1. Would you kindly state how much longer the chain becomes between Arg68 and Ala42 on full extension, computed as 0.36 nm times their sequence separation minus their alpha carbon distance, in nm to one decimal?
2. Any idea what the relative contact order of the stretch 74-195 is, in percent, if you count C-alpha pairs under 8 Å spaced at least 6 apart?
3. Do the sum for the chain: with -39,500 (n - 2.57) for every DSSP H run of n ≥ 4, divided by all residues, what is the mean residue ellipticity at 222 nm, to the nearest 500 deg cm²/dmol?
4. Highest first, please rank the peptides 45-58, 139-152, 192-205 by the mean number of other Cβ atoms sitting within 10 Å of their residues.
5. Let me know the number of lysine pairs in the chain closer than 24 Å at the Cα, not counting same-chain pairs under 8 apart.
6. If I stretch the segment between His196 and Ser106 completely, what's the gain in nm (0.36 nm per residue apart, minus their alpha carbon distance), one decimal?
7. Only bridges with both residues in the stretch 2-119 count here: give the DSSP antiparallel percent, nearest 5.
8. Order these by the 10 Å Cβ neighbour count, fewest first: Asp97, Asp104, Asp9.
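Readers should treat all values here as calculations from the given coordinates under stated rules, not as data from a laboratory. Treat the numbers as computed from the prediction; the structure is a model and nothing was measured. As a convention, Cβ positions derive from the backbone with ideal geometry for all residues, glycine included, and neighbour counts pool all protein chains shown.
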Amino acid sequence: MSILLVEDDQALAAGLVEALQNEGLSINHVSTGKAAVAAVAAALPEIVILDLGLPDMDGMDVLRAVRRQDSELPVLLLTARDTVQDKVAGLDSGADDYLAKPFDMSELLARLRVLNRRLGTAGSHVINIGDVALDTATQRVTVAGVAIELSRREYMLLRILLENAGRVQTRDSLENKLYSWGDEIASNALEVHVHHLRKKLGAVFISTVRGVGYTVKPA
C-alpha cells in the first residue's frame, strides 16, 4: 500500500513515516498543501493521510483539489479540529475517514486497513489464494499451513499482488508502491523480489505478463 502523508508537524510526520514503514507500507511525506496536490498529480498514491492544519492552504481546499484529480482516492483526515461540525464538514467535502489528534497508532493502522480493503479484491484481513494465505493484521504468510519468512518488500509485493488478484500490476506501479521517494532502486530489484517469492511460493504462483508486469490468478 502506497501512502502520501501530508503533515507539517515534522516530529509527528517522522514518527508516522517510521511506524508505517515498519508495518510494511510505502510512505512519502510532504508538508504543504501545494506539494500534496502536485504529488497526487505526479504519481497517484493508494491512500492520502491529510492534516487539515497546513501552513499554505486550508486542508479542506487540499481535499477538494485532490478530489478533482481523483474522485475515488481514499483520504483519511488527521486534525485537531474535533467538533462534530468539523467532522461532518470533512466527510461532506469528500473525506473517507476522520481521525482526531491525538490518536493511537493502532487506531490509525486499523482505519488504514479498512480503507485498503476497499481498494482490492480482498474482503477480510486474511487473503487466501490456493495454498497461500496472507494475514494483513499479523503480516503472517503461510503456504499449505506452514509459515514462511519474507523480507519487508517481499511481503509488500505479495500483498499487492494478492489484493489485486486477477489484475495485472505494471512494473512502474509496483515500484511506486514498494519504494518511497529517494530510495535507490536497482534495475532488476523487482525481478529479484519476484524470483525469491517464486522459490518460496511455487514457480507458477506469480505469472509474468511479458512487457507489462505481474499478476496472481484469483482463487
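1. On the way: separation 26, 0.36 × 26 = 9.36 nm, distance 1.41 nm.
My answer for the length gained is 7.9 nm.
2. Details: 105 pairs, mean separation 18.1, N = 122.
So the answer I get is 15 percent.
3. -12500 deg cm²/dmol
4. Values: 45-58: 19.7, 139-152: 13.4, 192-205: 15.1.
Answer by packing, highest mean first, reads 45-58, 192-205, 139-152.
5. Close lysine pairs under the 24 Å cut-off: 9.
6. Going from the current span to full extension adds 29.3 nm.
7. Working: 1 of 18 bridges.
Percent antiparallel among DSSP bridges in the stretch 2-119 is about 5.
8. Listing Asp97, Asp104, Asp9 from fewest to most nearby Cβ atoms yields Asp104, Asp9, Asp97.
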